Each structure stands twice: as structure tokens, then as C-alpha cells.
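All remarks here apply to the structure that follows.
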Amino acid sequence: MNYVLLVLTLLLVGCGTSSTKKDQQPTADSIDPPFKLPYVLNTPDENVTLPKELKEISGLTYYKNNQLLCVQDEEAVVYVYDTKKKKVVKDFGFGGYGDFEGIEYVNDEVYVLESNGNLFRFKPESTQIGRTLTGLPAKTEVEGLGYEPKTKRLLIAVKNGGGPSSDKAIYSFDLLNKAVFKDMSLNDDQLKAAGIDPKTYKPSGIAVHPITGEWYVLTSAGKRLLITNRQAKIIYSEELDPKLFRQPEGICFAPNGDLYIASEGDGKKGYILSFAYKK
């Protein structure tokens, strides 16, 4: 009798344990699929050398079909570069001199970012130039300008912050309310987990993918492309070939998802690499 009870008890315990293990297994829809980059970064579809005016290219943005707007470091001039004709087809000034690090074309207006965070705003070829002080923290150096259509805010990537907590920040500028927000901040642990030395993470460009909504952050010092979602989760990171990306400073997308990355000449001519979007 005792032997029968012992067998029944062991069977019940075994069934219970098996059931518990089964309940703890993650379901298929709870596991994030591995991220697949829709570009082959070591094989550009096109490599276009820029004219001497853009030797120090520091930012670019999509303008219209087959045309990009570009700025370079020290001159308050916007250049219209035609990707089919492979030349500058037009240029227009918007002031004197400065350290210009980013450009974005939004709602028929051009926004140009200075390294101190100031924003210039104007319509192409207009003589009416607006200048906005964004009010970023003191000693903050920025080097990337993008646009988030969901929030209707410009994104401002910090190269060097005023303190350790702001070194890896991305601020946003609300175009409607003219207010600045701290939109995202990556900590050292996140960067290290993604295989990135925090000391080399100094963004030089930022752009929002027009189809997936992911944030693409370019770093020149560390030669890397970093991709995050809007919740500050790093979903992809890839080192860039320094022979191919000599000094990557600007990044933008065409509406169809094609990617453009601009590099300064680093003693030679500047150039733009293009990568077709592979769904």
C-alpha cells in the first residue's frame, strides 16, 4: 500500500514540474526578431566626389527628387547637389560665417544648426533669415540635426556635453512651441553592451528612417553607425570601414528609404556614399 502511494506521489510531482516548466517558456510573439540592417555598408551603390566648395561638408538633407541640400563647416551657404547630374546646381547664402554642423529641410523651410546649438531658419533663396537660440546647457557642442515627424521636432545630437550626464544626449526642438526637450540619453552601460567605447561615442549626424521610424546616429570619431528606437534602446551597431568612411559627418534618407552618408575630405575632396534600401 505504501509503495503504491509513493509511486502516485512521484507521478504527481513529475507532472506538476513539467507543467511549470512549460508555462515558463517564452511564447514566439514575446521574442524580438533579430534586427537586420537593410543596407550593405561596406558596399555603397554609389560613391560621388564633391566639388571643392564641399570639401568640409558637415551635413546634408533630402530636398527634392534627385537633389540634396548640403552645408560645410565654416561658410553660411547652402549648396543644392544634384545626385543625377553629380554636381552643385545652385547655392544660396544665409549669413556670414560660423561653425555649421547640420541641416534639415522641413515643411518648405531650411534649418541649419551651429555647433553652439543656434538654429537658422529660412525658405530656400529667401533673404529673410531667422535665428533661434535653443538654450541648450552651457558648453554643449552639437554636431547633428534630424527631424522626427511623429513629434514634429528637430533632433539635435550632442557631440560634447557640459557634464557627464549630457555627453550622450539627444535634444529635440519643438517647431511649434519653440521649446527644447531632452529626448534621449544613452548611458555608458548601454554603449558598452553594444560593443561601443563610450569615449568614442561622439555623434556627428542623426536621421530618422522615413519608413521604419528608427533613429540612425552617425559617429565620426568612433567610425560607427548606431540605431535606436524612440525609447532609447540600442537595436543595432556597426563599425564603419575607415578607408570607406574617412570622416563621416552627415546622414539623411530619401523618402523611399535610400541612405546617404557624407564624409569630409580629410585632406582630400569630400564625398557622398549612397546605399539602396533593401527591405
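Could you figure out which of (1) within 18 Å of ALA254 (Cβ to Cβ); (2) free of Cβ contacts under 8 Å to residues at least 60 places away in the same chain; (3) surrounded by 13 or more Cβ atoms within 10 Å (Cβ to Cβ) isn't true of VAL88?
The single condition VAL88 does not satisfy is (1).
Which condition number does ALA193 fail, the rest of (1) modelled with pLDDT of 95 or more; (2) aliphatic (A, V, I, L, M); (3) more than 26 Å from GLY95 (Cα to Cα) being met?
Result: ALA193 fails condition (1) only.
May I ask you to list the residues in the range 114-138 that are at pLDDT below 90 and not in a loop (DSSP other than H, G, I, E, B)?
THR132
Among the residues in the range 74-82, are any farther than 24 Å from ILE227 by Cβ, small (Gly, Ala, Ser) and surrounded by fewer than 16 Cβ atoms within 10 Å (Cβ to Cβ)?
No, because not a single residue in the range 74-82 is farther than 24 Å from ILE227 by Cβ, small (Gly, Ala, Ser) and surrounded by fewer than 16 Cβ atoms within 10 Å (Cβ to Cβ).
Residues LEU218, LEU191, LEU273: which one is touching a Leu at 6+ places or on another chain (Cβ under 8 Å), over 26 Å from LEU133 (Cβ atoms) and of a type outside the set (Gly, Ala, Ser)?
So the residue among LEU218, LEU191, LEU273 that is touching a Leu at 6+ places or on another chain (Cβ under 8 Å), over 26 Å from LEU133 (Cβ atoms) and of a type outside the set (Gly, Ala, Ser) is LEU273.
Determine the pairs where a residue that is among the hydrophobic types (A, V, I, L, M, F, W, C), located within the range 215-231, has a partner that is part of a loop (DSSP other than H, G, I, E, B) and at pLDDT 95 or above with Cβ atoms under 8 Å apart, the partner being 6 or more residues away or on another chain.
TRP215/HIS209; LEU225/LEU41; LEU225/LEU240; ILE227/LEU37; ILE227/GLU214
Does the range 46-57 include one or more residues that are surrounded by fewer than 15 Cβ atoms within 10 Å (Cβ to Cβ) and either on the phi > 0 side of the Ramachandran plot or not in a strand (DSSP E or B) (or both)?
For the range 46-57, residues surrounded by fewer than 15 Cβ atoms within 10 Å (Cβ to Cβ) and either on the phi > 0 side of the Ramachandran plot or not in a strand (DSSP E or B) (or both): present.
Can you name the residue in the range 252-266 that is under 14 Å from the mean Cα position of the chain (by Cα) and assigned to a strand (DSSP E or B) and, of all such residues, is surrounded by the fewest Cβ atoms within 10 Å (Cβ to Cβ)?
Applying the filter and picking the extreme gives PHE253.
So GLU264 passes all but one of these: (1) free of Cβ contacts under 8 Å to residues at least 24 places away in the same chain; (2) under 28 Å from GLY130 (Cβ atoms); (3) of a type in the set (Asp, Glu). Which condition number does it fail?
The one condition GLU264 does not meet is (1).
Looking only at the range 91-113, count every residue that is free of Cβ contacts under 8 Å to residues at least 24 places away in the same chain and either in contact with a strand residue (DSSP E or B) (Cβ under 8 Å, 6 or more places away or on another chain) or in a strand (DSSP E or B) (or both) and tell me the total.
The qualifying residues number 4.
The values are calculated or read from the model by the stated rules, or taken from the named source; none is laboratory data. Quick caveat: nothing in here was measured; it's all calculated off a predicted structure. Glycine gets a Cβ as well: all are built from the backbone with ideal geometry, and neighbour counts include every protein chain shown.
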